[in-house]
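The values are calculated or read from the model by the stated rules, or taken from the named source; none is laboratory data. For clarity, every value in this text was computed on a predicted model and none was experimentally measured. Cβ sites come from the backbone with ideal geometry, for glycine too, and all protein chains shown count toward neighbours. Keep in mind that these areas ignore ligands, DNA and RNA; they rest on the heavy atoms of the full protein, side chains included. Shrake-Rupley method; radii C 1.70, N 1.55, O 1.52, S 1.80 Å.
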Amino acid sequence: MDIPGGDYVFFVGMILLFGWLTAYYGRRLAAVLRALRAGGRAVGRCVRVETEPYNRSDAQRYFFTFRLPAGREIEFEDLATRAMEVGAPVTVAYDPADPERTATVAGRGSWSPVAQYVLLVTACGLAAAGFTVVFLFTVV
């Protein structure tokens with residue numbers, strides 16, 4: 001059974017998915033840049049590594065914690081290398097005005113947080129653009 005326009009659903013879905021991912025990682029990149037400019041620094045540590053459902057070895061989430069000068073502890077999720085282990089010390093950069101949203105792992109032993117998010121924004125943006133081009137050539 002052929003559904004009119006059904007061929008386009010996949011392309012529209014991919015355009016929407018990668019467009020959303022581009023915007024999501026773009027906002028995170030803006031938060032990371034704000035944290036690095038604001039100059040808040042603290043020593044933190046990796047508190048847990050969660051494996052995604054179905055035990056996919058390539059899908060892990062890394063959670064970190066650090067303490068503000070006032071004593072409040074902040075926990076956040078960020079990108080990390082596979083070598084990161086629970087309990088590993090990290091340098092955390094954050095904006096003192098909004099530490100929950102801007103905290104990022106920044107320091108030796110990790111990729112630059114700016115480079116990580118620039119790469120993600122670029123890759124997702126190119127994927128969205130590529131699917132858009134293919135969709136437009138398919139429609140025309």
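Mean residue ellipticity at 222 nm, helices only, the chain: -16000 deg cm²/dmol; runs of at least 4 DSSP H residues each add -39,500 (n - 2.57), and the sum is divided by the number of residues. With all protein chains kept in place, the per residue accessible area of the range 89-140 amounts to 57 square angstrom at a probe of 1.4 angstrom.
Across the range 123-139, computed HN-Hα scalar couplings (Karplus, 6.51 cos²θ - 1.76 cosθ + 1.60, θ = phi - 60°) run 5, 5, x, 5, 5, 4, 5, x, 5, 5, 4, 4, 4, 5, 5, 6, 6 Hz from first to last residue, x flagging Gly and Pro.
Taking every protein chain into account, the accessible area of the range 1-74 amounts to 69 square angstrom per residue (probe 1.4 Å).
Length gained on full extension, Ala97 to Ala83: 1.9 nm, using 0.36 nm per residue less the C-alpha separation.
In order along the range 80-87, phi translates into HN-Hα couplings of 8, 7, 4, 6, 5, 10, 4, x Hz, rounded to whole numbers, per the Karplus curve 6.51 cos²θ - 1.76 cosθ + 1.60 with θ = phi - 60° and x for Gly and Pro. Computed from backbone phi with θ = phi - 60° and the Karplus coefficients 6.51, -1.76 and 1.60, the 3J(HN,Hα) list for the range 24-39 is 4, 6, x, 5, 5, 4, 4, 5, 5, 4, 5, 5, 5, 6, 5, x Hz; x is used for glycine and proline. Nearest 0.05, what FRET efficiency do Arg27 and Val114 give at R0 = 22 Å with Cβ-Cβ as r? Step by step, r from the Cβ atoms, then E = 0.95. When +1 charges are put on Lys and Arg Cβ atoms and -1 charges on Asp and Glu Cβ atoms, the dipole computed for the chain relative to its Cα centre reaches about 620 debye.
On the basis of the beta-carbon distance and an R0 of 35 Å, Ala38 and Val133 show a calculated FRET efficiency of 0.35. Relative contact order of the range 36-94, taken over Cα pairs closer than 8 Å and 6 or more residues apart, is 46 percent.
The accessible surface of the chain, taken with every protein chain in place and a 1.4 Å probe, is 62 percent carbon and sulfur. Scoring 88-96, 70-78, 122-130 by mean Cβ neighbours within 10 Å over their residues and listing the highest first yields 88-96, 122-130, 70-78.
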